[in-house]
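Novice: First the structure, which I've put down as structure tokens, then a few questions once you've had a look.
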Amino acid sequence: MGKNKEKTEEAEEVLKDEEIEDTSEQEEMPTGETAGTEEAEPDEPVEDQGENEESGDKEEDPRDKKIAELNDKVVRQMAEFDNFRKRTDKEKSEMFSNGEKTVIETVLPVIDNFERALEMASEDEEKKNDPFIEGMDKVYKQLMDGLEKLGVKPIEALGKDFDPNLHNAVMQEESEEYESGKVCKELQKGYTLNDSVVRHSMVSVAK
């Protein structure tokens with residue numbers, strides 16, 4: 001009986017040990033599942049954070065946009081100023097040229113009178129050596145030299161082919177000296193200013 005009792009006690013201890021091991025395994029299983037779940041859950045927020053970073057890189061920085069707008073504005077203003085400067089320079093040049101032309105047109109009748117007076121004096125033998133006529137001739141030459149320095153030149157007409165850009169034909173006449181279409185007589189001298197006609201030559205053309 002004593003031996004049977006000891007065997008029974010040993011069997012009960014073995015069963016208790018097995019129950020304890022089963023219980024420990026059951027407690028570890030939920031812990032493992034929970035751990036696995038806890039490790040899987042952080043993965044999704046990490047992916048979302050990456051997407052947010054990528055979307056943030058694609059968005060344009062407001063500062064860069066403002067800088068681009070200011071650069072474009074500066075370039076436009078510089079172009080407008082350059083156009084304004086060119087336009088102003090052109091207007092000033094035209095005003096100066098028109099001013100020169102107006103002054104020369106005013107002086108030309110004076111030159112015409114000088115030439116008529118000197119021509120009449122040259123026809124009179126008594127007046128050729130007159131000191132007053134010599135003085136007028138010197139003033140006339142000085143005036144013409146000054147105009148030439150400004151770019152004023154007389155238009156060549158006598159004996160030249162008629163050119164409507166330079167000559168103003170007021171009549172035609174028979175001429176034994178010049179061929180048809182040639183300028184046979186200059187009635188009023190024409191002038192140019194820097195290759196631009198100030199006054200056309202008034203001429204007669206041979207038939």
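Novice: Among the residues of region 61-96, how many are farther than 23 Å from LEU193 by Cβ and either of a type in the set (S, T, N, Q) or in contact (Cβ under 8 Å) with a residue 24 or more places away in the chain (or both)?
Specialist: Qualifying residue count for the region: 3.
Novice: I'd like to check which strands (runs of 3 or more DSSP E) are fully inside region 152-191 and have at least 1 residues that are touching a strand residue (DSSP E or B) at 6+ places or on another chain (Cβ under 6 Å) and farther than 19 Å from GLU119 by Cβ. Break it down stepwise before answering.
Specialist: On the way: elements: 152-154, 167-173, 183-188.
Fully inside region 152-191 and qualifying: 152-154, 167-173.
Novice: Go through (1) of a type outside the set (Asp, Glu); (2) surrounded by 10 or more Cβ atoms within 10 Å (Cβ to Cβ); (3) modelled with pLDDT of 80 or more for THR106 and report which single condition fails.
Specialist: Evaluating THR106 over (1) of a type outside the set (Asp, Glu); (2) surrounded by 10 or more Cβ atoms within 10 Å (Cβ to Cβ); (3) modelled with pLDDT of 80 or more leaves (2) as the failure.
Novice: Condition (residue is among the small types (Gly, Ala, Ser) and at pLDDT below 90) applied to region 153-174: is it met by at least one residue?
Specialist: Within region 153-174, the first condition is being among the small types (Gly, Ala, Ser), and the residues that meet it are 157, 159, 169.
Now narrow it down to the ones that are at pLDDT below 90: none.
No.
Okay, residues lined up against (1) assigned to a helix (DSSP H, G or I); (2) within 30 Å of GLU148 (Cβ to Cβ); (3) modelled with pLDDT of 80 or more:
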{"position": "GLU6", "(1), (2), (3)": "yes, no, no"}
{"position": "MET29", "(1), (2), (3)": "yes, no, no"}
{"position": "THR34", "(1), (2), (3)": "yes, no, no"}
{"position": "GLU47", "(1), (2), (3)": "yes, no, no"}
{"position": "GLY50", "(1), (2), (3)": "yes, no, no"}
{"position": "LYS92", "(1), (2), (3)": "yes, yes, no"}
{"position": "PHE96", "(1), (2), (3)": "yes, yes, no"}
{"position": "GLU115", "(1), (2), (3)": "yes, yes, yes"}
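Novice: Kindly indicate the residue of region 113-126 that is surrounded by fewer than 13 Cβ atoms within 10 Å (Cβ to Cβ) and not hydrophobic (A, V, I, L, M, F, W, C) and also nearest to the chain's Cα centre (by Cα) among those meeting that condition.
Specialist: As a first pass, look at region 113-126 and keep what is surrounded by fewer than 13 Cβ atoms within 10 Å (Cβ to Cβ): 113, 116, 119-120, 122-126.
Retained after the next criterion (residues that are not hydrophobic (A, V, I, L, M, F, W, C)): 113, 116, 119, 122-126.
Numbers: ASN113: 49, ARG116: 52, GLU119: 55, SER122: 59, GLU123: 62, ASP124: 64, GLU125: 66, GLU126: 67 Å.
Residue satisfying both the conditions and the ranking: ASN113.
The values are calculated or read from the model by the stated rules, or taken from the named source; none is laboratory data. Since the model is a prediction, treat every value here as computed from it, not as a measurement. Note that each Cβ is placed from the backbone with ideal geometry, even for glycine, and that neighbours are counted across all protein chains shown.
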